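Trainee: Structure incoming, see below.
The values are calculated or read from the model by the stated rules, or taken from the named source; none is laboratory data. Bear in mind the structure is a predicted one, so any value in this text is a computation, not a measurement. Every residue, glycine among them, receives a Cβ derived from its backbone with ideal geometry; neighbour counts consider all protein chains shown. Keep in mind that these areas ignore ligands, DNA and RNA; they rest on the heavy atoms of the full protein, side chains included. Shrake-Rupley method; radii C 1.70, N 1.55, O 1.52, S 1.80 Å.
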Amino acid sequence: MPLVKIRDLHFYRGDRAIFDGVNIDIHQGKITAIMGPSGTGKTTLLRLIGGQLRPHRGTIEVDGQNVHKLSHTELYELRKRMGMLFQSGALLTDLTVFDNVAFPLREHTDLPESMIRDLVLIKLQTVGLRCARDLMPSELSGGMARRVALARAVTLDPMMIMYDEPFTGQDPISMGTLVNLIHRMNEAMELTSIVVSHDVAETAEIADYIYLLSEGKVIEEGSPVKLKRSSSQWVQQFMQGLPDGPVPFHYPGTGFSDDLLSPEVSA
Amino acid sequence: MMETIRSLGIWGLNTFERLGRGHLFLLHLLTGIPALFFRFSLVIQQLYSVGVLSVFLILISGLFVGMVLGLQGYNTLVDFGAEESLGVLVALSLVRELGPVVSALLFAGRAGSALTAEIGLMKSTEQLSGMEMMAIDPIRRVIAPRFLAGLISMPLLAAIFSAVGVFGGFLVGHGLLGVDDGAFWSQMQVKTDWFDDVFNGVIKSMVFGFVVTWIALFEGYDAIPTSEGVGRATTRTVVHSAFAILGLDFVLTALMFGDE
Ligand SMILES: Nc1ncnc2c1ncn2[C@@H]1O[C@H](COP(=O)(O)OP(=O)(O)OP(=O)(O)O)[C@@H](O)[C@H]1O
Ligand SMILES: [Mg+2]
């Protein structure tokens, strides 16, 4: 019984199908990676799972509950057990690093301030930013902000956590630490993780299962070993980051030469 | 021709859709109000940034409006030999009309636009969706305290405006133009009715506070999450608030004083 079960997912932005019949299973206690070219809808997928967007067709079940059939209160109860790391960090800009990490605890629990302090410092220590606790979000670099957001996402000890690009903007050292951290948290806390990432090597290192998305479909799925051995040209190109091949780099539309030669001048 | 009709239709539909969303938003935020009485510190923070920071502007504007009223009123009244009634004129103009209306317009420009920009920026930097994913309802946690603060601040600011205005009128009337100060105050006290004038004025400013804060918060929450979108939303807050204040003022005045 998978923790997250996505069936026949359809989602459109205007006329463009972002998802066109996608099935995904996320298993409890495992790290599942979602990969795919930029703009395929990985962030959109996480928002659909979190109930912030509504699919046009298909169902998404988290822990046996259909996310889009829940009442407001039930959805919020469910979200308390899901952590999400936003691509941008999404820190509250009027609070310090410490208060940002303490925020979910203060909102959802009645813990005494001394205990909140301990919990927050533990989380900040794990991301290496304990001594940056008095900084404001505007004083952090992008990579630091994302690490604070990671600490915040795990303060409530969720059953599942969704990471949107956790590795971008990290230097090799903090990247290594983060990869380790995600891996360790998964084992120690029996967490279920969904990692969205472009960093093929790092992700393949810790992922138990990988889904490759492109143009609204799951192109390939399987363990990292299986994908690396895949005979599909597409998969090989993506996993090895080759510039030429079937994966389009361009946003879909008319051909470049047609565009250059077309007489239409808009200005 | 067809194009014009079509775009008119689209415009109409969009307007109604926005109105509908605005009302749903209001209902949603009102459900967050009761919980605030157990966490009043959230409202106090907002009372400071919405209310207290507007006080200086209100003080200065009220003083000048009152002084102008004193000058203009005296010029008119002196022709009828009724300059003793200057206090009444100043006080009634302020308490019934200018206090609520001008302070609401200033409030929309100072606090309303700031609220829209703040909420709009929080939206465009994903702070609001971030809260949603932490299972914290941003409408109840962020919007509702600001709404309550606007609701509380507006009548108080209007009262400050009127009080300072009366003082300004007195400064000009007595100090500059030599109206007898006893007559100024006593006529004012006799002719100003608690219920008819003061209470109705307070009701007006409560209505304006409600509408301006609602518009400001909704525009921010509904803004297109880009710098241009937030900029446009801020402008709309000021423009729509001005329309709403002046239109509602007419309706309220007709209801309150229309049958005299
Ligand atoms: N608010 C929106 N309105 C319209 N289209 C949108 C909106 N947000 C995203 N899109 C479109 O949906 C598609 C998927 O966006 P999404 O952010 O999910 O991509 P992504 O896979 O996360 O990309 P990246 O790896 O670059 O973060 C994009 O092509 C984008 O054009
Ligand atoms: Mg993304």
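Trainee: Search segment A:32-62 for residues being of a type in the set (Ser, Thr, Tyr) and assigned to a strand (DSSP E or B), and hand back the single one that is most open to solvent (accessible area, probe 1.4 Å).
Mentor: A:Thr59
Trainee: For the subset of segment A:63-88 comprising residues that are in a helix (DSSP H, G or I) and open to solvent by 60 Å² or more (accessible area, probe 1.4 Å), which member is nearest to ligand 2 (Cβ to nearest atom)?
Mentor: So the residue we want is A:Lys80.
Trainee: Could you list, in sequence order, the residues of segment B:121-138 that are in contact with a Leu (Cβ under 6 Å, 6 or more places away or on another chain) and open to solvent by less than 10 Å² (accessible area, probe 1.4 Å)?
Mentor: Residues satisfying the conditions are B:Gln127, B:Pro138.
Trainee: Looking at A:Ile18, A:Ile24, which one is more than 13 Å from ligand 2 (Cβ to nearest atom), surrounded by 15 or more Cβ atoms within 10 Å (Cβ to Cβ) and farther than 26 Å from B:Gly32 by Cβ?
Mentor: The match here is A:Ile24.
Trainee: Within segment A:192-200, identify whether any single residue is at pLDDT below 85, away from ligand 2 (no atom under 16 Å from the Cβ) and of a type in the set (D, E, K, R), and answer yes or no.
Mentor: no
Every residue, every condition in (1) among the small types (Gly, Ala, Ser); (2) open to solvent by 10 Å² or more (accessible area, probe 1.4 Å); (3) more than 14 Å from chain A (Cβ to nearest Cβ), yes or no:
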position	(1), (2), (3)
B:Val102	no, yes, yes
B:Ala114	yes, yes, no
B:Ile119	no, no, no
B:Pro145	no, no, no
B:Val164	no, yes, yes
B:Asp181	no, yes, yes
B:Asp193	no, yes, yes
B:Phe199	no, yes, yes
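Trainee: Still on this structure: Of all the residues that make up segment A:34-61, how many are within 13 Å of ligand 1 (Cβ to nearest atom) and either in contact (Cβ under 8 Å) with a residue 12 or more places away in the chain or away from every other protein chain (no Cβ under 12 Å) (or both)?
Mentor: Result for segment A:34-61: 17.
Trainee: Check every one of the helices (runs of 4 or more DSSP H) wholly within segment A:110-229 and list those with 3 or more residues that are open to solvent by less than 70 Å² (accessible area, probe 1.4 Å) and away from chain B (no Cβ under 14 Å).
Mentor: A:113-126, A:142-153, A:172-188, A:200-206
Trainee: Do we have B:Phe25 as at pLDDT 90 or above and touching an Asp or Glu at 6+ places or on another chain (Cβ under 9 Å) here?
Mentor: Taking the combined requirement at face value, the residue satisfies it.
Trainee: Residues that are farther than 17 Å from B:Leu171 by Cα: which helices (runs of 4 or more DSSP H) entirely in segment B:39-116 hold 2 or more of them?
Mentor: B:40-46, B:55-79, B:99-107
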